[in-house]
Amino acid sequence: MAQVLYMALPVPAKPRKAASSSSSSKPLKFSRRSCCTNISIPTVKGRGKRLVKPQKLNLEVSPHRAVSAVRLMRIELGGAFADLLNEKGKGSGENEMGYVQRTLGFRTRELSHHDLRLVTDIVGGTIRWRRYLDHLINSLCHDKDISSMEPLLLQILRIGFYEVVKLDMPPYAVVDENVELAKVALRPGAGNMVNGILRKLVVLKENGTLPLPKVEGDDRAQARALATLHSHPVWMIRRWTKYLGQEEAIKLMIWNNSEPSFSLRANRASGFSRDDLVAQLNALKVPHKLSLYLDEFVRIKTGLQIVIHAGLLKKGLCSVQDESAGLVVSVVDPQPGETIVDGCAAPGGKTLYMASHLSGQGKVFAVDVNSGRLRILKETAKLHQVDGVITAIHADLRTLTDNEQLKSDKVLLDAPCSGLGVLSKRADLRWNRKLEDMEELKKLQDELLDAASKLVKPGGVLVYSTCSIDPEENDDRVAEFLVRHPDFCIDPVHGYVPPDFVTSSGFFFSNPVKHSLDGSFAARLVRDS
């Protein structure tokens, strides 16, 4: 297949005001000209030549805004995840530029590393602040119902509003370039609309008069105002206020809206130590800090794409894994020679980490209902050199309760949950979760716990974990399980994790605000001998 080449074509200079972050009362001026070039690239096929369908290359539209708009469309309408990354760590590139071509009708120039960072920032930030941004857009579109607005037009407005209000980008550049995108991708009238709305926003921002609600009135009114100000669903705020109080709920929302940090785990099974990982990060000039809790982990705030692009993940030298997940494995305490069942294993981060502790002795049965994700787990296990101790089983855990061969020393049930502890990394989850989901999840968690308990040998250990901060998914599920299964009792996690993570009930719990980690829970339960 022919490779599409991006050529540096001469473009007439476009008159534009110098970008400035300072406020100005001067009228905004925008260019109405765009430069698109059709490129036909000959491809040799056998002895003849074939012309590839001309690709319209637009050199005027800001590439990071075009890619951001299309990616936001895919996430909201197509179910794609917000953290798309290809194997080269570019999250975009030729594959995603194909989405731009099909969605917008043209391609842009290739994305630079700076463009890629902007795409990540804009997509993640626009999703986090969606409710806040939509409130502002709705306030400035007095005669428009944004719920019926064209999806692409709405995404362009969200991008522009986010860039002005949250990124403090130079307003002239933001207005000019989003107008250009709307005109080329939609029509001139759409560009004029974006122009008028963004100009209003810039004035309100400079005057400090953004139309935002006040936190006042009864509990429901306050929850609605906080939902807009901190861009979360109302039901989450009411739930967190109930369990945490309003002050802690606000702190949690601020954490969820902050730029996430990531942890890397050195893969000791392949002989790659944390010292080796630190040396690689130093060579790549990626700022980092050593984990305070786990010997194999390093925390980074920026530079993840640099690490991916350098091939450290692809070579199996390290994994992206939050320390909270590593601490759940500490609660399991896998030892060489043990048999362990991971009941909901995929995508496999905890499975691989447990397997690395076995030093080639023992077995981890990785059970999951998703065959595709299980296949990826098997491939990663081979890459991490732990495939010799991992056996993948494609099945629903609830169908394996009578399997004597799977009865094990330890069973980890990392249960499907709301994910309310990982909203800083998975901003899209806050909009995909509904209050009614909670009851269905609790029922599923109970069923899986009952099934998992039947695979624990007498005297063995069952660890129940979630990436949720909700007590109804955590403490309450354990309490009800113990009523149904009096042959199990709580084994406090003292000694397995640092004391700061141990609750009064003897469970592990990582608090995002307190510990600056993902929210996570684990209970260690022992079966009578």
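The values are calculated or read from the model by the stated rules, or taken from the named source; none is laboratory data. Model, not experiment: these values are computed from the prediction. No Cβ is skipped: glycine too gets one built from the backbone with ideal geometry, and neighbour counts run over all protein chains shown. Just so you know, the surface numbers come from the protein's heavy atoms only, side chains and all, with ligands and any DNA or RNA stripped out. Shrake-Rupley method; radii C 1.70, N 1.55, O 1.52, S 1.80 Å.
Here are some notes:
- Among the residues of the range 356-376, those that are hydrophobic (A, V, I, L, M, F, W, C) and either closer than 24 Å to SER273 by Cβ or not assigned by the TED database to the domain that holds GLN335 (or both) comprise LEU358, VAL364.
- Among (1) of a type in the set (A, V, I, L, M, F, W, C); (2) closer than 29 Å to ASN432 by Cα; (3) buried (at least 17 other Cβ atoms within 10 Å of the Cβ); (4) more than 28 Å from the chain's Cα centre (by Cα), the one test that VAL215 misses: (3)
- Extreme residue, farthest from VAL123 (Cα to Cα), among residues of the range 230-272 that are in a helix (DSSP H, G or I) and aromatic (Phe, Trp, Tyr): TYR243
- Members of the range 346-357 that are surrounded by fewer than 22 Cβ atoms within 10 Å (Cβ to Cβ) and either more than 22 Å from the chain's Cα centre (by Cα) or touching a residue at least 40 places away in the same chain (Cβ under 8 Å) (or both): HIS357
- Scanning the range 468-487 for residues that are more than 25 Å from LYS242 (Cα to Cα) and either open to solvent by less than 10 Å² (accessible area, probe 1.4 Å) or assigned to a loop (DSSP other than H, G, I, E, B) (or both) yields HIS485, PRO486, ASP487.
- Qualifying residues in the range 61-119 (those that are among the acidic types (Asp, Glu) and over 16 Å from the mean Cα position of the chain (by Cα)) - the one modelled with the lowest pLDDT: GLU87
- Considering the range 225-250, the residues that are buried (at least 17 other Cβ atoms within 10 Å of the Cβ) and among the basic types (Lys, Arg) include one that is nearest to ASP134 (Cα to Cα), namely ARG238.
- Checking each residue in the range 281-340 for being assigned to a loop (DSSP other than H, G, I, E, B), small (Gly, Ala, Ser) and under 17 Å from the mean Cα position of the chain (by Cα) picks out only GLY303.
- The set of residues in the range 358-398 being free of Cβ contacts under 8 Å to residues at least 24 places away in the same chain and over 11 Å from ALA346 (Cβ atoms) consists of SER359, GLU379, LYS382, ASP387.
A quick yes/no check of all residues on (1) more than 29 Å from THR339 (Cβ to Cβ); (2) modelled with pLDDT under 95:
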| site | (1), (2) |
| --- | --- |
| LEU423 | yes, no |
| ARG426 | yes, yes |
| MET438 | yes, no |
| SER453 | no, no |
| SER465 | no, no |
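- Members of the range 449-460 that are open to solvent by 10 Å² or more (accessible area, probe 1.4 Å) and either part of a strand (DSSP E or B) or in contact (Cβ under 8 Å) with a residue 60 or more places away in the chain (or both): LYS457, PRO458, GLY459
- Candidates GLN385, GLN361 - the one that is at positive phi, part of a loop (DSSP other than H, G, I, E, B) and open to solvent by 50 Å² or more (accessible area, probe 1.4 Å): GLN385
- Taking first residues from the range 213-242 that are in contact (Cβ under 8 Å) with a residue 40 or more places away in the chain and partners that are among the hydrophobic types (A, V, I, L, M, F, W, C) and surrounded by fewer than 16 Cβ atoms within 10 Å (Cβ to Cβ), the Cβ contacts under 8 Å between residues at least 6 apart in sequence or on separate chains come to THR228/LEU212; LEU229/LEU212; LEU229/VAL215; HIS230/ILE254; TRP235/LEU435; ARG239/LEU435.
- Hits in the range 150-173 - residues which are buried (at least 18 other Cβ atoms within 10 Å of the Cβ) and part of a loop (DSSP other than H, G, I, E, B): MET169
- From the list ASP402, ASP470, ASP437, ASP409, the one residue that fits, being touching a strand residue (DSSP E or B) at 6+ places or on another chain (Cβ under 7 Å) and not assigned by the TED database to the domain that holds ARG238, is ASP409.
- Residue count for the range 125-149, restricted to those that are part of a helix (DSSP H, G or I) and more than 15 Å from LEU212 (Cα to Cα): 7
- When residues in the range 131-145 are screened for being modelled with pLDDT of 85 or more and either more than 17 Å from SER424 (Cβ to Cβ) or surrounded by fewer than 21 Cβ atoms within 10 Å (Cβ to Cβ) (or both), 10 of them pass.
- Residue among GLU338, GLU296 that alone is of a type in the set (D, E, K, R), open to solvent by less than 40 Å² (accessible area, probe 1.4 Å) and in the same structural domain as LEU444 (by the TED database): GLU338
- For the range 181-196, a tally of residues being open to solvent by 10 Å² or more (accessible area, probe 1.4 Å) and either within 18 Å of GLU163 (Cα to Cα) or outside any helix (DSSP H, G or I) (or both) returns 5.
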